[in-house]
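The values are calculated or read from the model by the stated rules, or taken from the named source; none is laboratory data. The structure displayed is predicted, hence computed values, not measured ones. Heads up, the Cβs are rebuilt from the backbone with ideal geometry, glycines too, and the neighbour counts pull from every protein chain shown. Only protein heavy atoms, including side chains, enter the accessible area calculation; ligands, DNA and RNA are left aside. Shrake-Rupley method; radii C 1.70, N 1.55, O 1.52, S 1.80 Å.
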Amino acid sequence: MKISIIVAAGENGEIGKDNQLLWHLPTDMKFFKRKTTGHHVLMGRNSYESIPEKYRPLPNRVNIVVSRNINYEASGCVIKHSIEEAIEVARNANETELFVIGGGQIYKYFMERNLVDVLYLTRVHNSFDADTFFPLEEIKGRLDMITHISSDDKHQFSFSFEKYLNH
């Protein structure tokens, strides 16, 4: 099973503030949906709770939420209390590509342990006031693809889709 991270981050690794995204980029949201639909997605509790209620759980995906709280419940989700247990859920279901979708602590865990096969990074070309970050300094592997998108009437910021392969 391939483990992929999918993340949008500002120039300094910013991914959120007060459990909210820092931008609205419809093209990036479509990319996220296209890549993750039909797969298992792994996220921390805060990331899950940051998804607007009407989109929870993310449709047409197995939502795995990692929480240290043994009493935590989220309807329609698989709740696990360790990242290792969460990975096993996808592996036991014969998943081909598990997507790690946040947040900061979860990303850091995977990146520091070099558990990532593919990194899909949407790099937002701006700096933001944030309290949650993606560890850009931990990126390993080779840049396989880059596509630039300019700002326009639907996208306040320009951004790039970057794909890194770790093997």
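Residue 53 versus (1) within 30 Å of residue 148 (Cα to Cα); (2) modelled with pLDDT under 95: which is the lone unmet condition?
Against the list (1) within 30 Å of residue 148 (Cα to Cα); (2) modelled with pLDDT under 95, residue 53 comes up short only on (1).
Do we find a residue being closer than 23 Å to residue 76 by Cβ and outside any strand (DSSP E or B) anywhere in the stretch 3-17?
No - not one qualifying residue is present in the stretch 3-17.
For the stretch 119-135, enumerate the residues that are open to solvent by less than 40 Å² (accessible area, probe 1.4 Å) and within 16 Å of the chain's Cα centre (by Cα).
119, 120, 121, 122, 124, 134, 135
Given the structure, is residue 139 touching a Cys at 6+ places or on another chain (Cβ under 9 Å), open to solvent by less than 60 Å² (accessible area, probe 1.4 Å) and not charged (D, E, K, R)?
Considered against the rule, which asks whether it is touching a Cys at 6+ places or on another chain (Cβ under 9 Å), open to solvent by less than 60 Å² (accessible area, probe 1.4 Å) and not charged (D, E, K, R), residue 139 comes out as no.
For residue 116, indicate whether it is under 13 Å from the mean Cα position of the chain (by Cα), β-branched (Val, Ile, Thr) and under 21 Å from residue 36 (Cα atoms).
For residue 116, the condition - under 13 Å from the mean Cα position of the chain (by Cα), β-branched (Val, Ile, Thr) and under 21 Å from residue 36 (Cα atoms) - is met.
Under 9 Å between Cβ atoms, which residue pairs at least 6 apart in sequence (or on different chains) link something in the stretch 61-74 that is open to solvent by 70 Å² or more (accessible area, probe 1.4 Å) with a partner that is in a loop (DSSP other than H, G, I, E, B)?
Between residues of the stretch 61-74 that are open to solvent by 70 Å² or more (accessible area, probe 1.4 Å) and residues that are in a loop (DSSP other than H, G, I, E, B), the close pairs are 68/81; 68/82; 69/81; 70/81.
Could you go through the stretch 78-86 and let me know if any residue there is touching a His at 6+ places or on another chain (Cβ under 6 Å) and either within 26 Å of residue 31 (Cα to Cα) or at pLDDT 95 or above (or both).
No, the stretch 78-86 contains no residue that is touching a His at 6+ places or on another chain (Cβ under 6 Å) and either within 26 Å of residue 31 (Cα to Cα) or at pLDDT 95 or above (or both).
Please specify each residue of the stretch 18-59 satisfying the condition of being part of a helix (DSSP H, G or I), in contact (Cβ under 8 Å) with a residue 24 or more places away in the chain and not acidic (Asp, Glu).
26, 27, 31, 32, 35, 36, 45, 46, 47, 48, 50
Just to be sure I understand, how many residues within the stretch 79-138 are under 19 Å from residue 68 (Cβ atoms) and not in a loop (DSSP other than H, G, I, E, B)?
Count: 21.
Do any residues in the stretch 1-17 that are closer than 18 Å to residue 97 by Cβ have Cβ atoms under 7 Å from those of residues that are among the acidic types (Asp, Glu) and not in a strand (DSSP E or B), where the two are at least six apart or on different chains, and which pairs are they?
1/95; 2/117; 3/117; 4/117
Residue 158 - would you say it is surrounded by fewer than 17 Cβ atoms within 10 Å (Cβ to Cβ), more than 20 Å from residue 17 (Cβ to Cβ) and out of contact with any strand residue (DSSP E or B) (no Cβ under 7 Å at 6 or more places or on another chain)?
Considered against the rule, which asks whether it is surrounded by fewer than 17 Cβ atoms within 10 Å (Cβ to Cβ), more than 20 Å from residue 17 (Cβ to Cβ) and out of contact with any strand residue (DSSP E or B) (no Cβ under 7 Å at 6 or more places or on another chain), residue 158 comes out as no.
Might you check whether a residue that is open to solvent by 30 Å² or more (accessible area, probe 1.4 Å), without any contact (Cβ under 8 Å) to a residue 60 or more places away in the chain and touching an Asp or Glu at 6+ places or on another chain (Cβ under 8 Å) occurs anywhere in the stretch 86-103?
no
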